[in-house]
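Some notes on the structure that comes next.
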Amino acid sequence: MKNLLRNLLHSSKFVAGALIFILILLTIFIYPLMFPGNPLEMIGVGTFAKPGTYVSAYDAVTSKKETLRLSDADDKRLAARLSYEDKISMTEWLTAAGFDISDLDLDDTDELLDMWHANYSPDIKPKGMIKAKLNYFKRLNNSLLEMSGSDNYLVIDRTDEGDEVKSKINKTDYVNVKDIANTKTLPLGTDNFGRDVLKELVSAAKTSLQIGFIAGIVATLIGLTLGLLAGYLGGFADDIIMFITNIFTVIPGFVLLILIAYSIGQDQRGPAVVALVIGLTSWTWTCRSVRSQVISLRNRDHVNLSRLSGHSLVRIILTDILPYIASYVVMAFILQVSSGILSEAQLSLLGLGPKTTERATLGLMMNWAMLYSAHTNGSWWAYFPVILTITLISFSLNLMNTGLDQVFNPALRD
């Protein structure tokens, strides 16, 4: 055992994969302790809120204010309110009106605004521009003038007696974030349902790993049992087992998985059921591989000696054959876990994953992001972290498997 551990620690691929996988597991178990709560709680009314820290505007108005005079505050304020589409439209008007903007840098908001204020006039009507477009430019110009001209906002509140209380919020008024009672940091923003993506992602990774482990255990046990029996018994038993295996091999596994998942119905498709279905449809290659390993072992001297000693079939398989292929079984299990996670993601993308109202999975998060067009509206935080998480889990498991193969396979040792 000590020699085995020493060899594993000397395998850089196994160590790297194990470290990545351990970090993922630590995040899955520690993060919910630090930030408890329902991962599917809808904290936002809107969809796809950007990552960042959100403060209560109500509390900000009533918090203690300090006066700060920042030289570039107005420029930043205008740049934040001016969208990229507005900048493109402004350049379209300047070009249509005959102004030279060849040297204009679109990212230089100050230069663009200076050119706009110097040249725009509602009386100029570029040729071919429809009235609706002209009205849009009037509204845009009025909005820019309002932002640059207004020095304060008037806030009107009412007392319990119904009296109006007016107060002004000046441009130079600033509030310390620590003085605001309600703030919320969303490192990955919210999804299409207004849920915290990071909290949901951690919970989904845990559920997907559970599905992967259950599917891996089921597939490995079925494949190992049938492979051991087929390889050791041979003859008619081998023919029957391989006939069944070949049937499952000929039928595309994912098509069979889709048909079974669809026939179950969404109400009955919990994570455990989905994992069981994946395991029941992905054992064939493990069975064939174990069978080939057992065939090479069944006529070894120690196996023949146990057979002549009158040992039972179960004892011979468990004590004289299984220990010699244990390393291969472990590697097969790791690959089955990785395959189970990817299969769940594929099923969920097709809408055949676990029930959507109880627990999130990585595949379901991808499905929700796709259904609500996160990939087309720029909401990368709704799907890219999910893709990265699936990639890291699969990459770490495959690295561990490659490292184990280097340790246990003499032909691959350095």
Residues in the stretch 301-315: is at least one in contact (Cβ under 8 Å) with a residue 60 or more places away in the chain, in contact with a helix residue (DSSP H, G or I) (Cβ under 6 Å, 6 or more places away or on another chain) and either in a helix (DSSP H, G or I) or not assigned by TED's automatic domain parsing to the domain that holds GLY340 (or both)?
no
Residues of the stretch 329-373 being aliphatic (A, V, I, L, M), under 20 Å from ASP191 (Cβ atoms), surrounded by fewer than 22 Cβ atoms within 10 Å (Cβ to Cβ) and in contact (Cβ under 8 Å) with a residue 40 or more places away in the chain, which ones?
LEU350, LEU371
So PHE99 ticks every box in (1) free of Cβ contacts under 8 Å to residues at least 12 places away in the same chain; (2) touching a helix residue (DSSP H, G or I) at 6+ places or on another chain (Cβ under 7 Å); (3) within 28 Å of ASP72 (Cα to Cα) but one. Which box is left unticked?
(1)
Just to be sure, is GLY353 under 26 Å from LEU276 (Cβ atoms), part of a helix (DSSP H, G or I) and either hydrophobic (A, V, I, L, M, F, W, C) or touching a Gly at 6+ places or on another chain (Cβ under 9 Å) (or both)?
no
Just one listed residue, out of ILE211, ILE240, ILE260, is free of Cβ contacts under 8 Å to residues at least 40 places away in the same chain and either in contact with a helix residue (DSSP H, G or I) (Cβ under 8 Å, 6 or more places away or on another chain) or closer than 30 Å to THR53 by Cα (or both), and it is ILE260
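Of the residues LEU104, LEU70, only one is surrounded by 15 or more Cβ atoms within 10 Å (Cβ to Cβ), of a type in the set (A, V, I, L, M, F, W, C) and either modelled with pLDDT under 80 or within 30 Å of VAL175 (Cβ to Cβ) (or both); which?
After ruling out the rest, the residue left standing is LEU104.
Does the stretch 391-406 hold any residues that are of a type in the set (A, V, I, L, M, F, W, C), touching a Leu at 6+ places or on another chain (Cβ under 8 Å) and surrounded by fewer than 22 Cβ atoms within 10 Å (Cβ to Cβ), and which are they?
Within the stretch 391-406, just LEU404 meets the criteria.
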Test: ARG291 is in contact with a Gly (Cβ under 8 Å, 6 or more places away or on another chain), assigned to a loop (DSSP other than H, G, I, E, B) and surrounded by 13 or more Cβ atoms within 10 Å (Cβ to Cβ):
no
Please count how many residues of the stretch 80-134 are among the polar types (S, T, N, Q), under 28 Å from GLY378 (Cα atoms) and assigned to a loop (DSSP other than H, G, I, E, B).
1
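Scan the stretch 30-59 residue by residue and report those that are closer than 30 Å to THR402 by Cβ and without any contact (Cβ under 8 Å) to a residue 24 or more places away in the chain. Quick ask: steps written out before the conclusion?
Looking only at the stretch 30-59, we keep the residues that are closer than 30 Å to THR402 by Cβ, and these are 30-31.
The answer is ILE30, and nothing else.
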State whether the residues of the stretch 229-247 include one that is assigned by TED's automatic domain parsing to the domain that holds GLU344, assigned to a helix (DSSP H, G or I) and under 30 Å from LYS355 (Cβ atoms).
no
Can you tell me which condition GLY37 does not meet? The list is (1) small (Gly, Ala, Ser); (2) on the phi > 0 side of the Ramachandran plot; (3) assigned to a helix (DSSP H, G or I), and all the others hold.
(3)
The stretch 1-34, residues that are surrounded by 11 or more Cβ atoms within 10 Å (Cβ to Cβ) and either part of a loop (DSSP other than H, G, I, E, B) or among the β-branched types (Val, Ile, Thr) (or both)
HIS10, SER11, VAL15, ILE20, ILE22, ILE24, THR27, ILE28, ILE30
One residue from GLY98, GLY128 being modelled with pLDDT of 80 or more and surrounded by fewer than 14 Cβ atoms within 10 Å (Cβ to Cβ):
GLY98
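Table: residues versus (1) polar (S, T, N, Q); (2) more than 30 Å from LEU364 (Cβ to Cβ).
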residue: HIS10; (1), (2): no, yes
residue: VAL15; (1), (2): no, yes
residue: PHE21; (1), (2): no, no
residue: ILE28; (1), (2): no, no
residue: LYS65; (1), (2): no, yes
residue: SER83; (1), (2): yes, yes
residue: PHE99; (1), (2): no, yes
For the stretch 327-340, check the following and say yes or no: at least one residue is more than 26 Å from PHE254 (Cα to Cα) and either among the aromatic types (Phe, Trp, Tyr) or part of a helix (DSSP H, G or I) (or both).
yes
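The values are calculated or read from the model by the stated rules, or taken from the named source; none is laboratory data. Everything numeric in this text was worked out from a predicted model, so none of it was measured. Here Cβ is always computed from backbone atoms with ideal geometry, including for glycine, and neighbour counts include all displayed protein chains.
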